[in-house]
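What follows is calculated from the coordinates using simple rules that are stated; it is not laboratory data. Quantities reported herein were computed from a predicted structural model and do not represent experimental measurements. When we count neighbours, we look across all protein chains shown, and the Cβ atoms used for this are built from the backbone with ideal geometry, even at glycine.
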Amino acid sequence: MDLEHNRQTRYEQAIREYRGRLPMVRIERKPCGQIGRLICIVAAHYRRHPQDLIRAWRGKEDIRVRHVAMYLAKELQLGSTIKIGEAFGWRDHSTVSRGWKRITAKLETDEKLAAEVAALRERIVNEL
């Protein structure tokens, strides 16, 4: 277990060092931990693959789903904004905060989104 963890840690460190230098490289990694399980639950709810929330692709619908997942991760206090950003493909903590603010603002006006987020929150609390 420690050997596998060290291997993954070294791999992630190498990716962080070369991030920005290789713009066309697609990094596929399996989400893990509580935030990873949250990503899988939210992705399944919206009929997306968990990698759609992690990869750099910026499709409009994927961004909304990613922001919902980031919002839930922050609201359920599954980690700092830095940890949440790392789980979502090494995004910056300000990206997590911005996604949280956008969803918070939309929840006040969009009843359908509010119902979806409430259902997801209940499911995540029960499954984590």
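Odds and ends about this structure:
- Taking a ≥ b ≥ c as the square roots of the eigenvalues of the alpha carbon gyration tensor, region 30-127 is rounded, as a/c is under 1.5.
- Proximal charge balance of residue 108 [Cβ under 12 Å; K/R count +1, D/E count -1]: +1
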